[in-house]
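Participant: Pasting a structure below so you can have a look.
The values are calculated or read from the model by the stated rules, or taken from the named source; none is laboratory data. Bear in mind that the values here come from a model prediction, so they are computed numbers and not experimental data. Cβ placement follows ideal geometry from the backbone for every residue including glycine, while neighbour counts extend to all protein chains displayed.
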């Protein structure tokens with residue numbers, strides 16, 4: 001039995017954080033969930049009398065909204081290409097920086113991590129110049145090998161790859177640090193044993209590094225996927241979703257519906273669709289990992 | 001034929017820290033050689049240079065007549081068992097043992113045959129489908145040995161393989177390794193810091209200290225004829241007792257301990273040149289007796305008495321220095337008891353105190 005002093009101590013320690021979580025997490029989530037069944041809009045914002053319960057109407061409208069499907073398609077494109085690319089870039093950088101042949105590791109780690117902590121807007125401005133069709137650095141470099149010029153942000157076929165490149169560059173440093181920690185946990189002896197048994201550097205990577213990193217990779221993949229499904233800042237700053245909605249992501253569409261057109265009920269329904277998608281994606285990854293572990 | 005030859009082998013880290021100094025060693029085919037010494041003596045580094053895991057900074061190593069200095073580990077045809085087993089955690093026991101063969105593109109039937117054969121020798125056939133974390137320490141050790149033997153390499157290298165096992169299992173695995181060596185008839189180089197392991201397993205023992213080989217000899221020769229005080233103190237359990245003193249010429253050449261408790265007359269021919277030099281007397285615990293009527297009898301008071309059943313370890317002091325003796329058990333041996341004890345003069349060892357080298 002818990003006595004009174006103990007109970008008050010528990011309340012004292014847990015109370016503040018529980019209160020904050022309830023106030024700023026559970027309440028908004030529940031409120032948003034409730035709103036997704038209403039036609040909450042700018043009129044309702046002015047006078048709650050205009051608020052009507054519409055049941056599943058927002059969700060059914062969504063499913064027949066071509067822009068929603070465009071946003072879904074773009075977001076999946078981004079997650080499916082950008083996600084693995086980002087994880088691979090992080091792993092490659094981590095393996096390089098973990099090698100005993102590399103000097104000035106601290107400096108490289110800092111350089112690779114800098115984009116992660118730089119603000120989106122500053123990065124976006126710089127990258128807009130890099131991507132500039134006439135004066136951009138990227139087209140200038142491509143010119144040397146006889147390619148281009150490409151209108152990176154103006155061509156609907158190139159806009160998403162351009163966004164992916166930017167996001168991968170900006171984010172790989174974060175996962176790299178986690179991968180480095182994972183790599184340092186692999187006992188050196190395993191590599192020594194494998195090298196005596198005849199494994200080449202590539203075989204050691206394939207048979208020891210990759211399997212030993214599996215838990216880290218799962219963690220990183222899930223975190224990256226969840227983050228990438230919520231793509232927003234980069235297209236918002238760089239392309240506003242264009243050209244021809246080719247970089248319109250789910251969250252950007254949600255933002256436009258909610259805060260440009262004030263269809264808040266509709267945009268909360270969008271948010272919950274995204275939640276369901278992320279939930280499914282995560283459970284697929286856990287399942288794949290479990291199967292591989294036998 | 002697979003002998004291992006080390007010629008003037010040395011290891012210097014980053015141009016300054018010396019770990020190993022000019023090791024010369026010829027390990028014959030099918031020989032079981034032990035590298036033994038306290039931690040930091042360079043024994044593991046030497047083994048790792050043979051394995052190819054450490055760069056050889058000085059000298060040459062030959063395996064089977066071939067210079068291997070610049071040959072990577074995988075092409076040296078060796079197998080190694082590590083202290084922490086180094087089993088691949090994500091593979092089953094079977095996969096662990098088959099890994100090297102798979103990399104060498106052995107056909108599947110051959111792999112099955114070799115793994116099953118090794119599993120049978122080590123009695124781990126029932127564990128093949130398990131992962132390393134489902135095994136006990138002793139079982140993991142067996143798998144590590146199994147992984148080494150499936151490839152039938154020219155040389156086996158063992159790096160303190162029994163250190164992580166409990167005492168009972170260690171004794172058991174020690175016997176099994178001895179039997180296995182007899183069965184496989186392969187060259188073995190084995191590193192340990194445990195002198196009992198060294199004495200019981202090896203054909204020859206290499207005693208190392210501070211990166212320098214002190215003595216290479218058979219276990220019995222090391223025990224009977226240590227070249228210096230370090231080897232004398234390292235081999236044998238409990239360790240040899242050392243009593244500091246000097247040589248005096250007082251009615252003949254004599255050794256006297258620091259506080260004159262011991263006075264031992266000595267051969268003039270050998271010791272006359274050491275008059276007034278500091279000398280250390282070494283005597284093993286088993287060379288004390290309470291029965292002999294020999295000379296060199298002294299009266300001592302027992303400090304601690306450890307009854308082992310078949311023998312007794314009696315602790316006392318000579319010149320205020322702790323001494324341990326190994327005697328036949330008696331009821332009268334109790335803490336505080338006064339006992340007449342004699343030292344067997346046929347088993348005295350004398351060392352120069354400064355250099356530690358033995359006076360013969």
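Participant: Exactly one condition in (1) surrounded by 23 or more Cβ atoms within 10 Å (Cβ to Cβ); (2) part of a loop (DSSP other than H, G, I, E, B); (3) within 12 Å of chain A (Cβ to nearest Cβ) is false for residue B:161; which is it?
Facilitator: For residue B:161, the failing item is (3).
Participant: Something else: The conditions are (1) outside any loop (DSSP other than H, G, I, E, B); (2) within 14 Å of chain B (Cβ to nearest Cβ), and residue A:278 fails exactly one of them. Which is it?
Facilitator: It is condition (2) that residue A:278 fails.
Participant: List every residue pair whose Cβ atoms sit under 6 Å apart, with the two residues 6 or more apart in sequence or on different chains, where the first one lies in segment A:59-79 and is over 21 Å from residue A:37 (Cβ atoms) and the second, anywhere, is modelled with pLDDT under 90 and part of a helix (DSSP H, G or I).
Facilitator: Between residues of segment A:59-79 that are over 21 Å from residue A:37 (Cβ atoms) and residues that are modelled with pLDDT under 90 and part of a helix (DSSP H, G or I), there is no close pair.
Participant: Could you say which residue among A:270, A:248 is buried (at least 19 other Cβ atoms within 10 Å of the Cβ) and either facing chain B (nearest Cβ under 10 Å) or in a helix (DSSP H, G or I) (or both)?
Facilitator: A:270
Participant: While we're looking at this one, here's another question. Checking the condition in contact (Cβ under 8 Å) with a residue 24 or more places away in the chain and either buried (at least 21 other Cβ atoms within 10 Å of the Cβ) or within 18 Å of the chain's Cα centre (by Cα) (or both), which residue from A:219, A:205 passes?
Facilitator: That would be A:219, the only listed residue that is in contact (Cβ under 8 Å) with a residue 24 or more places away in the chain and either buried (at least 21 other Cβ atoms within 10 Å of the Cβ) or within 18 Å of the chain's Cα centre (by Cα) (or both).
Participant: Take residue A:224 and tell me if it is more than 13 Å from chain B (Cβ to nearest Cβ) and either touching a residue at least 40 places away in the same chain (Cβ under 8 Å) or out of contact with any helix residue (DSSP H, G or I) (no Cβ under 8 Å at 6 or more places or on another chain) (or both).
Facilitator: Details: more than 13 Å from chain B (Cβ to nearest Cβ): yes; either touching a residue at least 40 places away in the same chain (Cβ under 8 Å) or out of contact with any helix residue (DSSP H, G or I) (no Cβ under 8 Å at 6 or more places or on another chain) (or both): yes.
The answer is yes for residue A:224.
Participant: Something else now. What about residue B:62, is it in contact (Cβ under 8 Å) with a residue 40 or more places away in the chain and either within 28 Å of residue B:138 (Cα to Cα) or within 10 Å of chain A (Cβ to nearest Cβ) (or both)?
Facilitator: On the way: in contact (Cβ under 8 Å) with a residue 40 or more places away in the chain: yes; either within 28 Å of residue B:138 (Cα to Cα) or within 10 Å of chain A (Cβ to nearest Cβ) (or both): no.
Judged against the criteria, residue B:62 is not a match.
Participant: Does residue A:203 fit the bill of being part of a helix (DSSP H, G or I) and within 14 Å of chain B (Cβ to nearest Cβ)?
Facilitator: When the stated conditions are applied, residue A:203 passes them.
Participant: Of these, B:101, B:53, which one is outside any loop (DSSP other than H, G, I, E, B), within 11 Å of chain A (Cβ to nearest Cβ), at negative phi and surrounded by 19 or more Cβ atoms within 10 Å (Cβ to Cβ)?
Facilitator: One residue alone meets the criteria, B:101.
Each row is one residue, and each column tells you yes or no for (1) assigned to a helix (DSSP H, G or I); (2) under 27 Å from residue B:48 (Cβ atoms); (3) touching a residue at least 24 places away in the same chain (Cβ under 8 Å).
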{"position": "B:188", "(1), (2), (3)": "no, yes, yes"}
{"position": "B:243", "(1), (2), (3)": "no, no, yes"}
{"position": "B:247", "(1), (2), (3)": "no, no, yes"}
{"position": "B:255", "(1), (2), (3)": "no, no, yes"}
{"position": "B:260", "(1), (2), (3)": "no, no, no"}
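Participant: Restricting to strands (runs of 3 or more DSSP E) lying wholly in segment B:263-360: which have 1 or more residues that are more than 15 Å from residue B:246 (Cβ to Cβ) and without any contact (Cβ under 8 Å) to a residue 12 or more places away in the chain?
Facilitator: Once the strands (runs of 3 or more DSSP E) in segment B:263-360 are filtered for at least 1 residues that are more than 15 Å from residue B:246 (Cβ to Cβ) and without any contact (Cβ under 8 Å) to a residue 12 or more places away in the chain, what remains is B:304-307.
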